1. Does the range B:136-161 hold any residues that are of a type in the set (Ser, Thr, Tyr) and at pLDDT 95 or above, and which are they?
2. If I filter the range B:166-184 for residues that are more than 12 Å from A:Glu154 (Cα to Cα), under 18 Å from the mean Cα position of the chain (by Cα) and open to solvent by less than 70 Å² (accessible area, probe 1.4 Å), do I get at least one hit?
3. Kindly provide the set of residues from the range A:29-56 that are within 12 Å of another protein chain (Cβ to nearest Cβ) and either free of Cβ contacts under 8 Å to residues at least 12 places away in the same chain or more than 10 Å from DNA strand E (Cβ to nearest atom) (or both), ordered by number.
4. Please state which of the following conditions A:Val5 fails to meet, knowing it meets all the rest: (1) within 13 Å of DNA strand E (Cβ to nearest atom); (2) open to solvent by 70 Å² or more (accessible area, probe 1.4 Å); (3) modelled with pLDDT of 95 or more.
5. Residues of the range A:41-68 being within 10 Å of DNA strand F (Cβ to nearest atom) and open to solvent by 60 Å² or more (accessible area, probe 1.4 Å), which ones?
6. When only residues in the range B:69-78 that are of a type outside the set (Gly, Ala, Ser) and surrounded by fewer than 18 Cβ atoms within 10 Å (Cβ to Cβ) count, which is nearest to B:Arg134 (Cα to Cα)?
7. Need the failing condition index for B:Tyr102 against (1) within 14 Å of chain A (Cβ to nearest Cβ); (2) farther than 28 Å from B:Phe167 by Cβ; (3) surrounded by fewer than 18 Cβ atoms within 10 Å (Cβ to Cβ), just the number.
8. Within the range B:112-126, can you find the residues that are crowded, with 16+ Cβ neighbours inside 10 Å, touching a Leu at 6+ places or on another chain (Cβ under 9 Å) and not small (Gly, Ala, Ser)?
4 protein chains.
Amino acid sequence: MTGRVRRSDPHRRERIIEAALDLIAQHGAPGATYRTVAAAADVPLGSMTYHFPTRDDMLLAAFQRLADDQWARFDRILAELPEGEDPRERVVQLIVTHGEGYGRDMILSAELYALAVRDVRYRELIQGWMNRSRGSLERHFPAELVATIDALQEGLVLHSHISTEPFDIERIRQAVYRLIPEPSILR
Amino acid sequence: MTGRVRRSDPHRRERIIEAALDLIAQHGAPGATYRTVAAAADVPLGSMTYHFPTRDDMLLAAFQRLADDQWARFDRILAELPEGEDPRERVVQLIVTHGEGYGRDMILSAELYALAVRDVRYRELIQGWMNRSRGSLERHFPAELVATIDALQEGLVLHSHISTEPFDIERIRQAVYRLIPEPSILR
Amino acid sequence: MTGRVRRSDPHRRERIIEAALDLIAQHGAPGATYRTVAAAADVPLGSMTYHFPTRDDMLLAAFQRLADDQWARFDRILAELPEGEDPRERVVQLIVTHGEGYGRDMILSAELYALAVRDVRYRELIQGWMNRSRGSLERHFPAELVATIDALQEGLVLHSHISTEPFDIERIRQAVYRLIPEPSILR
Amino acid sequence: MTGRVRRSDPHRRERIIEAALDLIAQHGAPGATYRTVAAAADVPLGSMTYHFPTRDDMLLAAFQRLADDQWARFDRILAELPEGEDPRERVVQLIVTHGEGYGRDMILSAELYALAVRDVRYRELIQGWMNRSRGSLERHFPAELVATIDALQEGLVLHSHISTEPFDIERIRQAVYRLIPEPSILR
DNA sequence: AATGAATGAGGATTCATTCAT
DNA sequence: TATGAATGAATCCTCATTCAT
């Protein structure tokens, strides 16, 4: 009844990518096998290699999607800055909300880093993502500071997922404000 | 006390752990299977389960070794502070040397984080490591700052392994000095 | 007459056959799959079954081409016999040049034989080829000898491709001359 | 009932080799897959790679067995020469019986040649076999003739399996006797 | 205490072929 | 007529783990 025969399925590629991301988040990249992803996306195993000739192609596409989505959120939060608000508050918000509500994406990022430190293709993927993020930050902050802000954010978010202590927003705010002293703000 | 070690091949356990770490660094945690590790350590496959009943036990032991070694280095650098030197310079040094010379350990850490975000056992392992590191930092810096310093370091080292840009020690120093303003230094 | 050939890509069928032969020579008959041949001939996979409904049809066509080409060369060498030359020299020449310069065709023949000993269709293909070859030999040699000459040639060429020893033309000549004593020559 | 659990099975390796040869003879080397051989030998699929880490190792072992067995028969026939018998008769016998009764081995040889012309490992296997065969022939015939005798035999046997014509023992005898003129006989 | 042998499940791919467009 | 997409079966091989010795 659930479509033993399937003629065409235009969103199949997307479904596979979504399913892959879910599985990576749940069981790590090694858990996103052709088999498990095919089952989760309700796609015959034999058709997987048509869309992604190699398992690596599939993972790469999935992580590219992750990077695109994450950056979009990042950029949106930095873009909608109301008149008169201190942009550093947005950085604080990014760190805290990421630490709190985006567990899945955090897990996926950790997995991506583990691949990236060993494989150029994933490294390049992150580099592209990083550059876009820094571009977004440069709307409000000077270019020389932007890489450091990004690194601080990375470290804080990562540790927040490891640590048992609750998130202390004041501590985050203090760190961000120290790293970006007032006169650094562009606008 | 020495009861755990076999008489015929007393360093076997150690050899296995070293081989496991090498293989994880080269091919990721999934690449360190009983088989590959046994071959690399020149140990019969059938004897692996004697030393590590489960593959996970082996990985855990390997990462524990990593944490111990890393922390020892970390602590040593912070301990040997000559009279009159600014301890923040030691933090700068930690970041830069880690970024430059310890590629293997950085790769292993990334792998460990990827496991930790999904599995408590690895998370607890990192927590222990993190606590010891913070203890070392508290020799010189106030307790409220120490977690942030650690996070900044983490982010900077991680990004240095992804980025193509050369390490800019001045940028690092500026970040560290801003995060830890002079009056914060204990001694 | 030209009705079988497509207008848009008139040599496609030929290109496929050539690509198939190359792939068989390089990786054996099992290596000449629809996919590999399509890629090598730069033809869309989906169009393969139009030209050759079955993979076996494709292989058969390829080997037929091999037989035709090989026999043409064989026949040409035996046909152009200058007045007064001993035709046995031509047999020697056939063996030696085949052993030396026609590696690809030798490899293909071996593959064809492996198929032929189990499958009638390939066996019939070789029979046709063998009969034509014997016809060519009968220009110069009596019918009762012709099968034996052919067999000797086959064995010598085959062994020359296996053996590490260099080709000894004198040894070949002696064998041929003994097998075909002078009075056997027709002309 | 047929032994779901099997503790030890000392002849497993031999059984696998026998099954592999049968399957190669029936369906060609590509038909002797781990799966088909495991089923034919009544061995769990997962244990195949313990005995033969690579499918190629399995095939090589099977063909080595073929070569050993074939040469043993070859050598036996040439060894038991009664006083006063012309050894050339033994060569005739070898060719004829091989052509007639040893279909399976002939098929296997053809398959082996197809592998050998492309792969050194199989080529070396045949070289070893060829050298032993020539050693056997040198009991009765001069060294310079022995390679040619072997080649003639090879070609005649091969063609006999392709041709539709019945085996003509007189034709074979004539060929052998011409190739080995009486004074060549050693004893 | 130590290990060679075994095993069933699952790994990534490749395949010949079909079919809707 | 031509082909991109699809599919189920099969490919080789690896795996963690068990167990008899």
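1. So in the range B:136-161, the residues of a type in the set (Ser, Thr, Tyr) come out as B:136, B:148, B:160.
Listed by number, the residues that qualify are B:Ser136, B:Thr148.
2. Checked the range B:166-184: no residue is more than 12 Å from A:Glu154 (Cα to Cα), under 18 Å from the mean Cα position of the chain (by Cα) and open to solvent by less than 70 Å² (accessible area, probe 1.4 Å).
3. A:Pro30, A:Gly31, A:Tyr50, A:Pro53, listed by residue number.
4. Answer for A:Val5: the failing condition is (3).
5. Our first condition is that a residue be within 10 Å of DNA strand F (Cβ to nearest atom); within the range A:41-68, this holds for A:42-51.
Listed by number, the residues that qualify are A:Asp42, A:Pro44, A:Leu45, A:Gly46, A:Thr49, A:Tyr50.
6. In this case the residue turns out to be B:Asp75.
7. With respect to (1) within 14 Å of chain A (Cβ to nearest Cβ); (2) farther than 28 Å from B:Phe167 by Cβ; (3) surrounded by fewer than 18 Cβ atoms within 10 Å (Cβ to Cβ), B:Tyr102 is out only on (2).
8. Correct list: B:Leu112, B:Tyr113, B:Leu115, B:Val117, B:Tyr122, B:Arg123, B:Leu125, B:Ile126.
The values are calculated or read from the model by the stated rules, or taken from the named source; none is laboratory data. Predicted model, so just to flag it, every value in this text is computed and none were measured. Using ideal geometry, Cβ is built from the backbone for each residue, glycine included, and neighbour counts are taken over all protein chains shown. Calculation scope for accessible area: heavy atoms of the full protein, side chains included, ligands and nucleic acids excluded. Shrake-Rupley method; radii C 1.70, N 1.55, O 1.52, S 1.80 Å.
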